[in-house]
Amino acid sequence: MYRLKFVMLACMLMVSSCSTIDAIFGPDEPDAAASSKDQLAQENDQLGSEIANLRSTLKQLKQDIADQKAQKLARLKAEEEARQKAQQAIPKDRLWVTVSFRSGYMELTRQSRQALKRLADKFLSKPRVQTIEVRGYTDDEPIGGYPGHRHKPRHPYKTNLALSQARADNVANAMIAAGISRDIVRAEGFGATSFVADNKTDAGRQRNRRAEIHLVSN
């Protein structure tokens, strides 16, 4: 019987010891969990703040890129408008030089050839975006003269149109010989024309016997 009481007492002591140990060490576990939760919450808050900062930085970066793109497009547009305005300021077709011919002649004089050589050198001295058009003309006197006042032509052509073409060709060939590319020189004859109102006088007819050199913008 004593033995049974002893066992019972030992069991009671063990239960009492467990309760005491729980009383001593038990509260530490909830406090550790709470501390861990607080630390995790702080880390989450810090991470959320960093993500918010990154998003703000990314948004600002996108805005900077958009602003730079808009500025670049605006600059390109302004440059294009300035280029078009400059092109519009340049005449599309500008009379540059007029070469005169003697009555019934298509050949160039030595002075005219020298002048065309200087003109070609000037043209080649800087980059150009123009082509050259040579336009030939004659006065309104028929080939061979008027009835009752005939004369022998000084050229083999039968019409003023053909004579004007020969004049234009001779001027164009002189410029090509001076170094201008054949690809940008064009010659065309227009026949008889009235450059001045008084085409019946010698002075008026002299001005109509000509070849005009035009600079034409591409």
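The values are calculated or read from the model by the stated rules, or taken from the named source; none is laboratory data. A quick note: this is a predicted structure, and the numbers were derived from the prediction, not measured. All Cβ positions, even for glycine, are placed from backbone atoms using ideal geometry, and neighbour counts span all protein chains on display.
If we scan the stretch 127-139, do we find a residue that is closer than 26 Å to Val216 by Cβ, among the acidic types (Asp, Glu) and more than 40 Å from the chain's Cα centre (by Cα)? Please lay out each step first, then the result.
Within the stretch 127-139, the subset closer than 26 Å to Val216 by Cβ is 127-139.
The next check asks that each one be among the acidic types (Asp, Glu); those that pass are 133, 139.
Still in the running and more than 40 Å from the chain's Cα centre (by Cα): 139.
Yes - at least one qualifying residue is present in the stretch 127-139.
Looking at Gln71, Gln111, can you tell me which residue is part of a helix (DSSP H, G or I) and loosely packed, with under 10 Cβ neighbours inside 10 Å?
Gln111 is the lone residue from the list that is part of a helix (DSSP H, G or I) and loosely packed, with under 10 Cβ neighbours inside 10 Å.
Could we say that Thr20 is farther than 30 Å from Ile213 by Cβ, β-branched (Val, Ile, Thr), in a helix (DSSP H, G or I) and at pLDDT 70 or above here? Show your work before the answer.
Details: farther than 30 Å from Ile213 by Cβ: yes; β-branched (Val, Ile, Thr): yes; in a helix (DSSP H, G or I): yes; at pLDDT 70 or above: no.
No, not satisfied.
Please state which of the following conditions Lys152 fails to meet, knowing it meets all the rest: (1) without any contact (Cβ under 8 Å) to a residue 60 or more places away in the chain; (2) under 19 Å from Arg207 (Cβ atoms).
Only one criterion in (1) without any contact (Cβ under 8 Å) to a residue 60 or more places away in the chain; (2) under 19 Å from Arg207 (Cβ atoms) is unmet by Lys152, namely (2).
May I ask you to list the residues in the stretch 177-218 that are among the acidic types (Asp, Glu) and modelled with pLDDT under 80?
Within the stretch 177-218, Asp198, Asp202 qualify.
Determine the pairs where a residue that is among the aliphatic types (A, V, I, L, M), located within the stretch 173-200, has a partner that is part of a loop (DSSP other than H, G, I, E, B) and at pLDDT below 95 with Cβ atoms under 7 Å apart, the partner being 6 or more residues away or on another chain.
Here the result reads Ala192/Asp139; Ala192/Asp140, each pair linking the stretch 173-200 to a residue that is part of a loop (DSSP other than H, G, I, E, B) and at pLDDT below 95.
Out of all the residues in the stretch 141-151, is one or more exposed (fewer than 13 other Cβ atoms within 10 Å of the Cβ), in contact with a helix residue (DSSP H, G or I) (Cβ under 6 Å, 6 or more places away or on another chain) and either in a loop (DSSP other than H, G, I, E, B) or of a type in the set (A, V, I, L, M, F, W, C) (or both)?
No, there is no match, as no residue in the stretch 141-151 is exposed (fewer than 13 other Cβ atoms within 10 Å of the Cβ), in contact with a helix residue (DSSP H, G or I) (Cβ under 6 Å, 6 or more places away or on another chain) and either in a loop (DSSP other than H, G, I, E, B) or of a type in the set (A, V, I, L, M, F, W, C) (or both).
Being among the basic types (Lys, Arg) and over 36 Å from the mean Cα position of the chain (by Cα) is the filter here; which residues of the stretch 153-182 pass it?
Correct list: Arg154, Lys158, Arg167.
Need the failing condition index for Ala177 against (1) among the aliphatic types (A, V, I, L, M); (2) buried (at least 16 other Cβ atoms within 10 Å of the Cβ); (3) within 20 Å of Thr109 (Cβ to Cβ), just the number.
Condition not satisfied by Ala177: (2).
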